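Working notes, structure below.
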Amino acid sequence: MHEPGNETPSKAEWRTRILRARAELPPEAHAREAAALATAASSIHAETVCAYLPFGTEPGRISLVNALAARVLLPVIPDTPGPLDWAEYTGPDALIPGRLRGVLEPSGPRLGISAVASAQVLLIPALAVDRHGTRLGRGAGYYDRTLTAAADTARVAVVRAEEVVDHLPAEPHDVPMTAVLTPSGLIQLPTAAGAR
């Protein structure tokens, strides 16, 4: 994705641009990227991974979660904006529709907000991430509120290769990512590794 010249786009402008590019991606290209993303995810080694199920035009498919050789926790979206709850992923047959249209959630017991702290790796949906670890989400703030409970967890944004950019607008509440997972592989972000 080409970044603008001298202008500084707002988060809203970035979101519009990236969502448009994702919507224009042909289905066969999305499928190829999803397969490559699952292969890249299989290189993650951890006992517990907090992940998510991609939906709509998000990079990846359920194969992303199935590729993880770990105990996998998936988010449960609360009724009002706040930190995410979590439940263990036990397979596709145990998924139910979530609060938001198109989002599937585990049907098992809710583990509470603090479950995120039990994970060594947290895979986070993103629209883009910059080389300093700033993540651009959809703007609802669920992950921003959740990440404060995951201070010692590797925070890995999941994006398409074109969505790793040089600079995104940042705000004080943004928690930096420590790595990026793309269909090309895992990229460590050393500039963000110790930041909070």
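Per the 1.4 Å probe, what fraction of the accessible area of the chain, in percent, lies on carbon and sulfur atoms? Walk me through the intermediate numbers first.
Details: 5090 of 9350 Å².
Roughly 54 percent, rounded to a whole number.
Let me test this: with uniform point scatterers at the alpha carbons of the chain, what is the Debye-based log₁₀ I(q)/I(0) at q = 0.08, 0.09 1/Å?
With no solvent term, the Cα-only Debye profile gives -0.23, -0.30.
Can I get the semi-axes of the range 85-153's equivalent ellipsoid? Compute them from the C-alpha gyration tensor as square roots of 5 times the eigenvalues, in angstrom, largest first. Walk me through the numbers before you get to the answer.
Numbers: eigenvalues 104, 52, 23 Å².
In descending order the semi-axes read 23, 16, 11 Å.
Rule-of-thumb check for the range 1-101: C-alpha Rg over 2.2 N^0.38 Å?
On the way: Rg = 16.2 Å, N = 101, 2.2 N^0.38 = 12.7 Å.
It is 1.27.
In whole Å and largest first, what semi-axes does the C-alpha gyration tensor of the range 58-124 yield when each eigenvalue is scaled by 5 and square-rooted?
Working: eigenvalues 58, 48, 28 Å².
So the equivalent ellipsoid measures 17, 15, 12 Å along its semi-axes.
Rolling a 1.4 Å sphere over the protein heavy atoms, what is the accessible area per residue of the range 112-194, to the nearest Å²? Before the final figure, lay out each step's value.
Working: 3250 Å² over 83 residues.
Here the residues of the range 112-194 average 39 Å² of exposed surface.
Pick from 48, 16, 178: which is most flexible by mean-square fluctuation in a GNM of the chain where alpha carbon atoms under 10 Å apart are linked?
16
Go ahead and set up a Gaussian network model of the chain, Cα springs under 10 Å, then flag whichever of 130, 152, 79 fluctuates most.
With Cα springs under 10 Å in the chain, the top fluctuation among 130, 152, 79 is at 79.
Over the chain, with a Gaussian network built from C-alpha contacts below 10 Å, which listed residue (145, 160, 131) shows the highest mean-square fluctuation?
Taking springs between Cα atoms under 10 Å, the residue moving most is 145.
Out of every Cα pair in the range 115-183, what percent are spaced more than 14 Å from each other?
Values: 1222 of 2346 pairs.
Considering the range 115-183, 52 percent of its Cα-Cα pairs are separated by more than 14 Å.
The values are calculated or read from the model by the stated rules, or taken from the named source; none is laboratory data. Keep in mind it's a predicted model, so treat the numbers as computed, not measured. When the accessible area is computed, the model is the full protein with side chains, heavy atoms only, and any ligands, DNA or RNA have been set aside. Shrake-Rupley method; radii C 1.70, N 1.55, O 1.52, S 1.80 Å.
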